[in-house]
1. Within the range 264-287, is even one residue farther than 18 Å from Ile23 by Cα, of a type in the set (Val, Ile, Thr) and crowded, with 22+ Cβ neighbours inside 10 Å?
2. In the range 141-153, which residues are open to solvent by 30 Å² or more (accessible area, probe 1.4 Å) and either within 14 Å of the ligand (Cβ to nearest atom) or touching a strand residue (DSSP E or B) at 6+ places or on another chain (Cβ under 9 Å) (or both)?
3. If a residue has to be out of contact with any strand residue (DSSP E or B) (no Cβ under 7 Å at 6 or more places or on another chain) and either assigned to a loop (DSSP other than H, G, I, E, B) or not aromatic (Phe, Trp, Tyr) (or both) to count, how many in the range 254-276 make the cut?
4. Which residues, taken from the range 194-217, are touching a residue at least 60 places away in the same chain (Cβ under 8 Å) and either among the β-branched types (Val, Ile, Thr) or surrounded by fewer than 20 Cβ atoms within 10 Å (Cβ to Cβ) (or both)?
5. In the range 67-91, what count of residues is obtained for those that are within 24 Å of Gln278 (Cβ to Cβ), within 16 Å of the ligand (Cβ to nearest atom) and open to solvent by 10 Å² or more (accessible area, probe 1.4 Å)?
6. Restricting the search to the range 155-167, which residues are open to solvent by 10 Å² or more (accessible area, probe 1.4 Å) and in contact with a Phe, Trp or Tyr (Cβ under 6 Å, 6 or more places away or on another chain)?
7. Only one residue in Leu244, Leu234 is part of a helix (DSSP H, G or I), open to solvent by less than 10 Å² (accessible area, probe 1.4 Å) and modelled with pLDDT of 95 or more, so which one is that?
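The values are calculated or read from the model by the stated rules, or taken from the named source; none is laboratory data. On a predicted model such as this, the values are computed, not experimentally measured, just so you know. Note that each Cβ is placed from the backbone with ideal geometry, even for glycine, and that neighbours are counted across all protein chains shown. Surface accessibility is based on the protein's heavy atoms, side chains included, excluding ligands, DNA and RNA. Shrake-Rupley method; radii C 1.70, N 1.55, O 1.52, S 1.80 Å.
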Amino acid sequence: MAEIDRGLVEQILELKKVRKAIILAHNYELGEVQDIADFCGDSLELSQKAAVTDAETIVFCGVHFMAETAAILCPGKTVLLPDLHAGCPMANMITAEALREKKKEYPGATVVCYVNTSAAVKAESDVCCTSANAVKVVRKLGNTGEIIFIPDQYLGSWVAQETGKSLVLWPGYCPTHARILPEDIKKRKAEHPSAKVLVHPECRPETKLVADAVLSTGGMIRFARESDAREMILGTEIGIIHRLQKENPEKRFFPVSEQAICPRMKLITLETILWSLQSMRNVVTVPDDIRVKAQRAVNRMLEMS
Ligand code: SF4
């Protein structure tokens with residue numbers, strides 16, 4: 001692993017005080033970024049943290065929709081995304097316009113949107129969810145009639161299975177998690193027969209079938225901490241291994257597939273964090289008319305979870 005530039009770290013920490021900033025990082029970010037963050041977590045944990053912070057600036061180390069969610073929840077704060085190219089391909093698989101068309105096919109349906117969507121899509125939705133609370137949110141909707149679940153078909157089909165509800169699914173997916181296949185799990189399991197297999201709900205249904213547990217990244221972090229298992233095989237983006245290994249040095253963690261890398265999550269580096277704090281550029285904003293509607297969907301999720 002490359003040597004971390006201590007000078008760079010010190011400059012970031014110094015500037016962070018001047019800007020009254022907090023650094024939030026997703027569990028898939030580079031190890032060096034996770035290490036400098038004030039808080040690491042999954043999308044739900046990061047939104048909850050953004051909602052309560054008293055920092056004036058939020059440096060969001062994740063992808064664009066996550067920074068937008070922070071901007072939705074914290075209209076008075078400056079939200080920086082150190083690299084604006086960090087977008088989520090799944091979030092780009094649906095637009096507000098396409099969702100409006102779908103809603104015409106199912107008048108009166110409730111729209112549940114995965115947090116991996118743009119603010120404009122959230123504004124067209126009734127309630128938001130993350131992989132950590134999607135089952136809970138859909139269960140709590142009760143018998144509201146038809147539910148359109150967007151945009152992840154694999155998370156959606158898992159929620160349908162867990163809740164026993166029939167959902168109208170959107171054909172989106174995460175290209176990184178779609179690469180994790182049952183054959184890869186079987187291969188790893190043969191190498192580490194006593195390891196527990198944990199996979200993310202964004203994986204394909206056939207991959208989830210051969211896992212011991214289906215968990216969000218936050219759920220995986222808790223499982224690793226609380227379980228007696230000494231070895232775990234992780235079916236998610238490989239960035240999570242950094243945090244798992246750091247927090248549980250006596251346990252061993254193996255990725256199902258070395259191919260499970262999200263290139264967009266690796267764009268943010270110490271250099272771009274420092275640059276954004278110095279220049280206060282790459283501010284993520286959401287127009288007020290969209291923000292107010294999107295906030296309703298996000299707040300409803302936070303209340304329900
Ligand atoms: S891992 Fe998948 S869902 Fe997450 S940001 Fe990357 S492409 Fe999007």
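1. Within the range 264-287, one or more residues are farther than 18 Å from Ile23 by Cα, of a type in the set (Val, Ile, Thr) and crowded, with 22+ Cβ neighbours inside 10 Å.
2. Thr144, Gly145, Glu146, Gln153
3. Filtering the range 254-276 for residues out of contact with any strand residue (DSSP E or B) (no Cβ under 7 Å at 6 or more places or on another chain) gives 257-264, 266-267, 269-272, 274-275.
Checking which are either assigned to a loop (DSSP other than H, G, I, E, B) or not aromatic (Phe, Trp, Tyr) (or both) leaves us with 257-264, 266-267, 269-272, 274.
The total comes to 15.
4. Let us first name the residues in the range 194-217 that are touching a residue at least 60 places away in the same chain (Cβ under 8 Å), namely 200-202, 216-217.
Result: Thr217, single match.
5. Residues flagged as within 24 Å of Gln278 (Cβ to Cβ), within 16 Å of the ligand (Cβ to nearest atom) and open to solvent by 10 Å² or more (accessible area, probe 1.4 Å) within the range 67-91 amount to 5.
6. Applying the first criterion (open to solvent by 10 Å² or more (accessible area, probe 1.4 Å)) to the range 155-167 yields 157-158, 160-167.
Scanning the range 155-167 gives a single hit, Leu167.
7. On the way: Leu234 fails: part of a helix (DSSP H, G or I).
Just one listed residue meets the conditions, Leu244.
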